[in-house]
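Colleague: Here it is, the structure in full.
The values are calculated or read from the model by the stated rules, or taken from the named source; none is laboratory data. Values in this document were obtained by computation on a predicted structure and should not be read as measured data. Here the Cβ positions follow ideal geometry from the backbone for every residue, glycine too, while neighbour counts run over all protein chains shown.
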Amino acid sequence: MQNIAKQAGDLLEQLRAERPLVQNITNFVSMDIAANVLMALGAAPAMVHAPQEAADFAKIAHALVVNIGTLSQDFLEGGEAAATASHMLGHPWVLDPVGVGGSPYRNAAVQRLLRHRPTVIRGNASEIMSVAKVVGLSGDDARPRGVDSAHTTDQALAMAQHLARHHSCTVAATGATDLITDGERIVRLANGHVLMTRVTAVGCALSAVVAAFCALTEDAFEATVSALAIYGVVGEMAAERAQSPGSYRVAFIDQLDTVTPADIAQRLKVL
Amino acid sequence: MQNIAKQAGDLLEQLRAERPLVQNITNFVSMDIAANVLMALGAAPAMVHAPQEAADFAKIAHALVVNIGTLSQDFLEGGEAAATASHMLGHPWVLDPVGVGGSPYRNAAVQRLLRHRPTVIRGNASEIMSVAKVVGLSGDDARPRGVDSAHTTDQALAMAQHLARHHSCTVAATGATDLITDGERIVRLANGHVLMTRVTAVGCALSAVVAAFCALTEDAFEATVSALAIYGVVGEMAAERAQSPGSYRVAFIDQLDTVTPADIAQRLKVL
Amino acid sequence: MQNIAKQAGDLLEQLRAERPLVQNITNFVSMDIAANVLMALGAAPAMVHAPQEAADFAKIAHALVVNIGTLSQDFLEGGEAAATASHMLGHPWVLDPVGVGGSPYRNAAVQRLLRHRPTVIRGNASEIMSVAKVVGLSGDDARPRGVDSAHTTDQALAMAQHLARHHSCTVAATGATDLITDGERIVRLANGHVLMTRVTAVGCALSAVVAAFCALTEDAFEATVSALAIYGVVGEMAAERAQSPGSYRVAFIDQLDTVTPADIAQRLKVL
């Protein structure tokens, strides 16, 4: 799929030229790595979540990510304020429903955030299936096999498509194979490395990267595919330089800085 | 002490096979390193502290750590909710009383948390002595020599034993020599490296590791001894690969991933 | 300027001998790196911000930094409590007005904090100009050219001087050239490296370092100049060992541990 690699490479260069500002309302564990991932890639982070000012910064930022990892009342209120503002202004925003399904509180938070119409929902397969269940999408072909178990992204496909259609958004389920759909189009990517799951919040940081790419183009599906394509290639290249999670994290951030469109073209695996 | 090394090695392999889920209600400074330490070793972290859902996750998790480092009302309420739930369910939980003695607020928090019967209390010598003082244990042989001063773990021995007996728990005072007691049994370990004190929150992350080991066996004393044994050996091995705190942190996390039972057997120093 | 380098080297040795305790009321993104930077350099961090105990720790700590990066009501109340206590006790405290100008909430927070008379205000050029504007200092020669735009520190000079005089404090505007003034004296330093801006919260950690140096001497201007001199030289030396942001962060922290007065003497560029 020459086109996907080409597009990802082009958007990567555009990102480095335009340096979009991404507002992060994200969990405490991911703040350091999310900010550093954005900066290494070439975007700019703003970590602002207080309800008193979250909407003010949504006006300044080019895109927003709301991640419910270490959920609290303040973060939820700030997330809703920023998401509404972003939606009104036509700025893209990404929902990362970390741990949805784990508690009624978390499910209710996702329901509230969905009202503000995320541009993209990014999670692992189980999270995507839980989101679909939370909003009442559970047709026979898409029933989750238990919220806490691990699922493959292909098990999440039907639910991801439902979700994308019902909420007019792009849905990305990431895992060994990444799956991206806007309800009609479907792309599967097969890069990445298992070490990405041995460093905390690498997935959370990806959601911030998706937001950064959504700031570059109207087509959120293409932006999301490009973000995941680059992230997966970077994850794979970093694993050639470091084999344990401490040094892998360092190599991963370095590789975000040095990855080129040629690397994407050469390595991207579209299924 | 062949037995301690053997047991630690066996539990290490068990941990990597079972991948226990550890709920962390911990300070902001330690979240990143605690999650990464758990993942590098082979356990799984869940960072969930909101009072609205802390007890829900305590049911899913195999063990819990409550660390009062950057204490706040929400964390304390979440910590109490999760600790009660864990106690009711028979899940082990570890109290890390960071900075106890530094303010009345912190002392009151420790008193409240102790009501929920921690399985293990892990702190430095001064913190263990302060906890004992906070709960009114201050016999002549165990009076702290000033809360803010540094103590050796042997100075904390009598208080640690009192505390373990009065609260039916295991107490671990860590330092140049680590001391673990359940009121009857006492073990002293002498691995580790001074660079462990030059990286923030390495001690906090240890408390999470103790929780992970407590998920593997009924005997919390043995679990704690094993966790400290492995951590000390890892700290020592990492110092052979890095001599300054930035690269030491990376080497330490890498070493958690690669340490073997044979390393423990070869290097463990039991006094 | 042999004198500045000499003084910085002397204070560096004093810092490593005295290990001042710095209380950090700082944003979530910077907590890990701020604590590690302080520890690598030789100081000791205390990360305590709850309104219930912030003032208690201000009594124990030798200096305080209040950074409004991820501002919230609790942090602001804790910051005010600690700042008042520090001011009363004659302990130095540093204000880092991250993102001031970005929202009315943030501007109001800066106004409230300024009442507690910071010893030093440290920010980038735009932040210093925004602080001046927030407190009503906007003479013709010092009008900001737009809060969100980047400014050089020389553009901030007049405002920095106003601010220093009106608030009887030292003002440090950092950037490609660092500028420090107490209203009368002015020093410009030209070390550092662009990679310092590619790692999150390196500037926030600098404010903590300024606080640590202010704990060593009555002359806050000299302390600030020394802190910035050392930090810039460290940033430059680290860039000789690492060229991408992941490994640069590691090298930077390592270099804080190993930098010597001789390095300062040899490399410091005073304009």
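Colleague: Of B:Ser138, B:Ser207, which residue is surrounded by fewer than 21 Cβ atoms within 10 Å (Cβ to Cβ) and either over 25 Å from B:Leu11 (Cα atoms) or at pLDDT 95 or above (or both)? Give the steps one after another, and end with the answer.
Modeller: On the way: B:Ser207 fails: surrounded by fewer than 21 Cβ atoms within 10 Å (Cβ to Cβ).
Every option except B:Ser138 fails the conditions.
Colleague: Just to be sure, is C:Gln52 without any contact (Cβ under 8 Å) to a residue 12 or more places away in the chain, more than 9 Å from chain B (Cβ to nearest Cβ), farther than 22 Å from C:Ala229 by Cα and not aliphatic (A, V, I, L, M)?
Modeller: No; evaluated as a whole, the condition is false for this residue.
Colleague: Taking region C:48-59 as the region of interest, how many residues are out of contact with any Phe, Trp or Tyr (no Cβ under 7 Å at 6 or more places or on another chain) and either buried (at least 24 other Cβ atoms within 10 Å of the Cβ) or basic (Lys, Arg) (or both)?
Modeller: The qualifying residues number 4.
Colleague: Here's another thing I want to ask about it. When you look at A:Val210, is it within 14 Å of chain B (Cβ to nearest Cβ) and either under 18 Å from A:Asn124 (Cα atoms) or not basic (Lys, Arg) (or both), yes or no?
Modeller: Numbers: within 14 Å of chain B (Cβ to nearest Cβ): no; either under 18 Å from A:Asn124 (Cα atoms) or not basic (Lys, Arg) (or both): yes.
The answer is no for A:Val210.
Colleague: Counting only residues that are within 13 Å of chain A (Cβ to nearest Cβ) and closer than 18 Å to A:Asn27 by Cα, which one in region B:74-90 is surrounded by the fewest Cβ atoms within 10 Å (Cβ to Cβ)? Show your work before the answer.
Modeller: First, pick out the residues of region B:74-90 that are within 13 Å of chain A (Cβ to nearest Cβ): B:74-75, B:77-78, B:81-82, B:85.
Keeping just the survivors that are closer than 18 Å to A:Asn27 by Cα gives B:74-75, B:78.
Values: B:Asp74: 18, B:Phe75: 25, B:Gly78: 25.
This residue is B:Asp74.
Colleague: Quick check, is B:Asp219 within 26 Å of B:Gln155 (Cα to Cα), more than 12 Å from every other protein chain (Cβ to nearest Cβ) and touching a Phe, Trp or Tyr at 6+ places or on another chain (Cβ under 7 Å)?
Modeller: Details: within 26 Å of B:Gln155 (Cα to Cα): yes; more than 12 Å from every other protein chain (Cβ to nearest Cβ): yes; touching a Phe, Trp or Tyr at 6+ places or on another chain (Cβ under 7 Å): no.
Answer is no for this residue.
Colleague: Go through region C:53-91 and report how many residues are within 30 Å of B:Met196 (Cβ to Cβ) and in a loop (DSSP other than H, G, I, E, B). Reasoning before the result, please.
Modeller: Within region C:53-91, the subset within 30 Å of B:Met196 (Cβ to Cβ) is C:53-54, C:56-67, C:69-70, C:75, C:78, C:82, C:91.
Retained after the next criterion (residues that are in a loop (DSSP other than H, G, I, E, B)): C:53, C:61-62, C:69-70, C:91.
Of the residues in region C:53-91, 6 are within 30 Å of B:Met196 (Cβ to Cβ) and in a loop (DSSP other than H, G, I, E, B).
Colleague: Among the residues of region C:112-130, write down those that are in a helix (DSSP H, G or I) and surrounded by fewer than 20 Cβ atoms within 10 Å (Cβ to Cβ). I'd like the intermediate steps shown before the answer.
Modeller: Taking region C:112-130 and keeping what is in a helix (DSSP H, G or I), we get C:112-114, C:125-130.
C:Arg112 - this is the single residue of region C:112-130 that is in a helix (DSSP H, G or I) and surrounded by fewer than 20 Cβ atoms within 10 Å (Cβ to Cβ).
Colleague: While we're here: Quick check: is even one residue across region A:10-17 within 16 Å of A:Ala85 (Cα to Cα) and out of contact with any Phe, Trp or Tyr (no Cβ under 6 Å at 6 or more places or on another chain)?
Modeller: Initial filter on region A:10-17 (within 16 Å of A:Ala85 (Cα to Cα)): none.
Scanning region A:10-17 turns up no residue that is within 16 Å of A:Ala85 (Cα to Cα) and out of contact with any Phe, Trp or Tyr (no Cβ under 6 Å at 6 or more places or on another chain).
Colleague: Given the conditions (1) facing chain B (nearest Cβ under 10 Å); (2) in contact with a strand residue (DSSP E or B) (Cβ under 7 Å, 6 or more places away or on another chain); (3) touching a residue at least 12 places away in the same chain (Cβ under 8 Å), and given that C:Ala63 satisfies all but one, which numbered condition is not satisfied?
Modeller: (1)
Colleague: Consider A:Ala8 carefully, then state whether it is in contact (Cβ under 8 Å) with a residue 60 or more places away in the chain, within 14 Å of chain C (Cβ to nearest Cβ), among the small types (Gly, Ala, Ser) and in a helix (DSSP H, G or I). Talk me through it step by step, then tell me what you get.
Modeller: Values: in contact (Cβ under 8 Å) with a residue 60 or more places away in the chain: yes; within 14 Å of chain C (Cβ to nearest Cβ): no; among the small types (Gly, Ala, Ser): yes; in a helix (DSSP H, G or I): yes.
The answer is no for A:Ala8.
Colleague: Here are B:Ala220, B:Ala212, B:Ala160: which of them is at pLDDT 95 or above, closer than 30 Å to A:Ser247 by Cα and small (Gly, Ala, Ser)?
Modeller: On the way: B:Ala220 fails: closer than 30 Å to A:Ser247 by Cα; B:Ala160 fails: closer than 30 Å to A:Ser247 by Cα.
None of the others qualify; the one that does is B:Ala212.
Colleague: Here is a list: C:Val131, C:Val120. Which entry is more than 21 Å from A:Pro51 (Cβ to Cβ), away from chain A (no Cβ under 13 Å), free of Cβ contacts under 8 Å to residues at least 40 places away in the same chain and hydrophobic (A, V, I, L, M, F, W, C)? Spell out the reasoning first.
Modeller: Working: C:Val120 fails: free of Cβ contacts under 8 Å to residues at least 40 places away in the same chain.
C:Val131 is the lone residue from the list that is more than 21 Å from A:Pro51 (Cβ to Cβ), away from chain A (no Cβ under 13 Å), free of Cβ contacts under 8 Å to residues at least 40 places away in the same chain and hydrophobic (A, V, I, L, M, F, W, C).
Colleague: So, one more: Just to verify a result, which residue in region A:222-235, among those that are within 22 Å of A:Ser30 (Cα to Cα) and not aliphatic (A, V, I, L, M), is farthest from the other protein chains (Cβ to nearest Cβ)?
Modeller: A:Thr224
Colleague: Does any residue of region A:236-244 turn out to be away from chain B (no Cβ under 14 Å), charged (D, E, K, R) and touching a strand residue (DSSP E or B) at 6+ places or on another chain (Cβ under 9 Å)?
Modeller: Keep residues of region A:236-244 that are away from chain B (no Cβ under 14 Å), which gives A:236-237, A:240.
Remaining after also requiring charged (D, E, K, R): A:236, A:240.
When the remaining residues are screened for being touching a strand residue (DSSP E or B) at 6+ places or on another chain (Cβ under 9 Å), the result is none.
Looking for residues that are away from chain B (no Cβ under 14 Å), charged (D, E, K, R) and touching a strand residue (DSSP E or B) at 6+ places or on another chain (Cβ under 9 Å), one finds none in region A:236-244, hence no.
Colleague: Mind checking whether some residue in region C:247-264 is surrounded by 24 or more Cβ atoms within 10 Å (Cβ to Cβ), touching a Phe, Trp or Tyr at 6+ places or on another chain (Cβ under 7 Å) and within 13 Å of chain B (Cβ to nearest Cβ)?
Modeller: No, there is no match, as no residue in region C:247-264 is surrounded by 24 or more Cβ atoms within 10 Å (Cβ to Cβ), touching a Phe, Trp or Tyr at 6+ places or on another chain (Cβ under 7 Å) and within 13 Å of chain B (Cβ to nearest Cβ).
Colleague: Check whether at least one residue in region C:50-70 is among the acidic types (Asp, Glu) and under 27 Å from C:Asn191 (Cα atoms), and report yes or no. Before you say what the answer is, go through the steps one by one.
Modeller: Step one: of region C:50-70, the residues among the acidic types (Asp, Glu) are C:53, C:56.
Applying the additional criterion that residues be under 27 Å from C:Asn191 (Cα atoms) yields none.
No, region C:50-70 contains no residue that is among the acidic types (Asp, Glu) and under 27 Å from C:Asn191 (Cα atoms).
Colleague: Which residues, counting only those in region C:33-49, are outside any strand (DSSP E or B) and at the interface with chain B (Cβ under 8 Å from one of its Cβ atoms)? So that I can check it myself, show each step before the final result.
Modeller: Keep residues of region C:33-49 that are outside any strand (DSSP E or B), which gives C:33-43, C:47-49.
Listed by number, the residues that qualify are C:Ala35, C:Asn36, C:Met39, C:Ala40, C:Met47, C:Val48, C:His49.
Colleague: Given (1) crowded, with 23+ Cβ neighbours inside 10 Å; (2) away from chain A (no Cβ under 13 Å); (3) not in a loop (DSSP other than H, G, I, E, B), where does C:Ala109 come up short, assuming only one miss?
Modeller: (2)
Colleague: Test B:Val270 against the stated conditions and say whether it is surrounded by fewer than 24 Cβ atoms within 10 Å (Cβ to Cβ) and either touching a Cys at 6+ places or on another chain (Cβ under 9 Å) or of a type outside the set (Lys, Arg) (or both). Walk me through it before giving the result.
Modeller: On the way: surrounded by fewer than 24 Cβ atoms within 10 Å (Cβ to Cβ): yes; either touching a Cys at 6+ places or on another chain (Cβ under 9 Å) or of a type outside the set (Lys, Arg) (or both): yes.
Considered against the rule, which asks whether it is surrounded by fewer than 24 Cβ atoms within 10 Å (Cβ to Cβ) and either touching a Cys at 6+ places or on another chain (Cβ under 9 Å) or of a type outside the set (Lys, Arg) (or both), B:Val270 comes out as yes.
Colleague: Check whether at least one residue in region B:19-27 is in a loop (DSSP other than H, G, I, E, B), crowded, with 24+ Cβ neighbours inside 10 Å and more than 9 Å from chain A (Cβ to nearest Cβ), and report yes or no.
Modeller: Of all residues in region B:19-27, those in a loop (DSSP other than H, G, I, E, B) come to B:19-20, B:26-27.
In the following step, the residues that additionally are crowded, with 24+ Cβ neighbours inside 10 Å were identified as B:26-27.
Narrowing further to those that are more than 9 Å from chain A (Cβ to nearest Cβ): B:26-27.
Among the residues of region B:19-27, at least one is in a loop (DSSP other than H, G, I, E, B), crowded, with 24+ Cβ neighbours inside 10 Å and more than 9 Å from chain A (Cβ to nearest Cβ), which makes the answer yes.
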